[in-house]
Structure formats: C-alpha cells, structure tokens
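Peer 1: Please see the structure below; I have some questions.
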Amino acid sequence: MISAIDSLHIAFIGGGNMASAIIGGLLKQGLRPHQIQVVEPFAEKALKLREQFGITVLPSASKALAQVDLMVWAVKPQVFKEAAEPVLPFASKALHLSVAAGIRTDSIAAWLRTTRVVRCMPNTPALVGKGMTALFALAQVSDPEKSLVEHIIRTTGEFMWVNAEKQLDAVTALSGSGPAYVFYFLEAMTQAGVVMGLSSEQAYRLAVATFAGASELARASDESAEVLRQRVTSKGGTTYAAITSMETAGVKSAFITAMQAAEQRAHELGDEFGKV
C-alpha cells in the first residue's frame, strides 16, 4: 500500500490536470508533500500546484530529480521528446510511467535510455476518482514495479493491464476519448429537452442522472448492454421509436466509424511525435 512506502519519491514532468488528479489521490492515500515534486515551467500552473498541494515545484529539470524512484510523464505528446532531453541526466534510477497519448514505449525508452517504462492511457474522470486507465509495461519492468504503478493509478479509479501495446490505441479511442462522447450525448439530450419544453437546467440534470444511473445499472448487471437495452425497448413504445429513428439514421455505425478515427489518430500521434 502507498502508506507502507514512506521512502518513495515521485516526480511529475508536467503539472496539468492529470498530474493534479494523481497528486491529489496520492496525498489522500497518505503520501506526504515532501515526497512529491513537479517540473512545471509555467509560473501560473506552478503557483497553483504549490498552493493546492504544498509540494515542491521546479521550473526546470535539476539534480533534485536524481534520487526520484518514479517519474510520471504528464506532458503533451508533441513536447515529450523536448521535455525528456534535460531530464535524461537525472533519469537513470527511476521507473518511468507515461500518461502521454500516442507516444510508444520504444520512443520513451530511446529518449530516456532505459527499458523500465510503463505506458498508460487514463481518462478525465480520474479528476474525480472515477477514472479508467489501461496499462502496458515493457518486459524489463518487474512485478514489484508493476504493483507500485497499480498503487499510483488506483488513486484515480480503476485500471486494467493490456498484453499488446497496440491495444492502447483502441483504449484511447474507447475510454481515453470516451468522456467526450458522453458529454456530446449530454449536449444533444439537453438540447432536445429544451426543444421539447424543459428548461436547460432541468434537461441537463435529467440527462446526467440518466447516464449515471444507466452506467451503475450496467456495472451491477451480468447482462450485456444489448440485453439491457432490449429490456427497456418495448415494441411500439417511446424507446422503440427513438431507437428505430437512430438506427435509421445510422447513428451506431457512425459512432463506430468515429471511434476508429480516434484509434487511427492515436497511432498517428506515435508516428508523428515519437520519432527518435
């Protein structure tokens, strides 16, 4: 457990939303502020991190990183290589965990000159402790190191390991980008509610509660989504009319195509920004 590893020191390279979610979770689990440091060059973000968490925030990489046990790479994919260069002299001791979309482990290993690399794909519900993260580790990562990563990620929600790194592109398309799909449907349901005479506040509250309730029902049930849908779709009823309209409009096939586009873009990010 996190509380049993009092000597652990973690550095975050990048201090954005995902870093903040993990840091907040770690502190709640018992890690102390002096065990965490962040490299964040933007003064406004750095100040916010110091005020919110009471942790050390560095404007750039320094020898203070040399004793870090775990480095969490929370940078945008297009700046990962650039960010790695000044960190490299201090990176040899650490296990490396990347949350950067699309950047593959072979690129990370080459930039940091280590094979102790774990790559993960989280999503934004991690900000409220309800995230879903997929993990992939290079063969050189030990079982205790995998357990450490699990403890870190568990502070943000659930996780699963995948056996093939290419599966992370599909994970990116499904759960990584997935919250945006939910928000997109919430937008549509809210707009429809307003058109049908509800206030925007009423429609949005109903839509959010419906998504939350349906998700919990699916989680609690052993039945597939298809069966659950069929149970509330009586032929000739209101739900049947809505589902039939969406099927006629090709909503499901368009949605599948959209997710495949996201998967393709995740692969392209690795090609575009992962060049050694």
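Peer 1: Give a residue-ordered list of calculated ³J(HN,Hα) values for region 17-33 (Karplus: 6.51 cos²θ - 1.76 cosθ + 1.60, θ = phi - 60°; whole Hz; x for Gly, Pro).
Peer 2: Coupling constants for region 17-33: 4, 5, 4, 4, 4, 5, 4, x, x, 5, 5, 5, 7, x, 5, 9, x Hz.
Peer 1: Shifting gears a bit: Using the alpha-carbon centroid of each, what span in Å lies between region 236-273 and region 118-143?
Peer 2: The distance from the Cα centre of region 236-273 to that of region 118-143 comes to 25 Å.
Peer 1: With θ set to phi - 60°, apply the Karplus curve 6.51 cos²θ - 1.76 cosθ + 1.60 along region 138-154 and write out the HN-Hα couplings as whole Hz, x wherever there is a Gly or Pro.
Peer 2: Working through the residues one at a time gives 5, 4, 6, 7, 7, 4, x, 5, 4, 4, 4, 4, 4, 4, 5, 6, 4 Hz.
Peer 1: Shifting gears a bit: From the residues 227, 149, 160, which one has its Cα farthest along the dipole of region 133-276 in the positive direction, the dipole being from +1 and -1 charges on Cβ of Lys/Arg and Asp/Glu about the Cα centre?
Peer 2: Result: 227.
Peer 1: Less than 15 Å Cβ to Cβ from residue 28, Lys/Arg counted +1 and Asp/Glu -1: what total charge do the surrounding residues give?
Peer 2: Spelling it out: positives minus negatives among the neighbours equals +3.
Peer 1: Residues with amide H under 5 Å of residue 98's amide H, sequence separation 5 or more or different chain, H placed in the peptide plane at 1.01 Å from N; which?
Peer 2: 73, 118, 119, 120
Peer 1: As a test, work out the antiparallel percent of DSSP beta bridges whose residues both lie in region 2-165, rounded to the nearest 5.
Peer 2: If I count the DSSP bridges inside region 2-165, around 15 percent turn out antiparallel.
Peer 1: Work out the length of the dipole vector of the chain about its Cα centre, built from +1 on the beta-carbon of each Lys and Arg and -1 on the beta-carbon of each Asp and Glu, and round it to the nearest 20 debye.
Peer 2: 320
Peer 1: Rounded, prolate or oblate for region 178-268? Axes are the square roots of the Cα gyration tensor eigenvalues, ordered a ≥ b ≥ c, and the cut-off for rounded is a/c under 1.5.
Peer 2: Note, shape of region 178-268 comes out rounded.
Peer 1: Counting Lys +1, Arg +1, Asp -1, Glu -1, what net charge surrounds residue 157 among other residues with beta carbon under 15 Å of its beta carbon?
Peer 2: On the way: positive: 28, 130, 154, 219; negative: 150, 158, 216.
Here the count lands on +1.
Peer 1: Oh, and also: How many angstrom separate the Cα center of region 17-71 from the Cα center of region 152-184?
Peer 2: 24
Peer 1: Right, another one. Tell me which residues come under 5 Å, amide H to amide H, from residue 9 once H is placed; ignore anything under 5 positions away on its chain.
Peer 2: 69, 70
Peer 1: Tabulate in residue order the Karplus-calculated ³J(HN,Hα) for region 213-227, using 6.51 cos²θ - 1.76 cosθ + 1.60 with θ = phi - 60°, rounded to whole Hz; enter x for Gly and Pro.
Peer 2: So the Karplus estimates, Gly and Pro as x, are x, 5, 5, 5, 4, 4, 5, 7, 9, 8, 8, 6, 4, 4, 5 Hz.
Peer 1: Here's a follow-up. Per residue of the chain, what 222 nm ellipticity follows from adding -39500 (n - 2.57) for every DSSP H run with n ≥ 4, rounded to the nearest 500? Mind dumping the intermediate values first?
Peer 2: Numbers: 11 runs with 136 residues, N = 276.
Rounded to the nearest 500, the figure is -15500 deg cm²/dmol.
Peer 1: In addition: With charges only on Cβ, +1 for K and R and -1 for D and E, what is the dipole size of region 109-163 about its Cα centre, in debye, rounded to 20?
Peer 2: 160
Peer 1: Ok, one more. Which value, in debye to the nearest 20, gives the size of the charge dipole of region 178-268 about its Cα centre, when Lys and Arg are +1 and Asp and Glu are -1 at the Cβ?
Peer 2: On the way: 7 positive and 9 negative charges, 43 e Å.
Using Cβ point charges on Lys, Arg, Asp and Glu, region 178-268 gives about 200 debye.
Peer 1: OK, next. Can you tell which of 116, 154, 231 shows the greatest fluctuation in a Gaussian network model of the chain with Cα springs below 10 Å?
Peer 2: Between 116, 154, 231, it is 231 that shows the largest mean-square fluctuation.
Peer 1: Please report the antiparallel percentage of DSSP beta bridges with both residues in the chain, rounded to the nearest 5.
Peer 2: Taking every DSSP beta bridge with both residues in the chain, the antiparallel ones total about 15 percent.
Peer 1: Hey, another quick one. Within the set 166/252; 146/275; 166/235; 45/275, which residue pairs have Cα atoms separated by over 30 Å?
Peer 2: Table pairs above 30 Å Cα-Cα are 166/235.
Bear in mind these aren't lab numbers, they're just calculated from the coordinates by the rules spelled out. All of these numbers come straight from a predicted model, not from anything done at the bench. Positions of Cβ are backbone-derived with ideal geometry, glycine not excepted, and every protein chain shown enters the neighbour counts.
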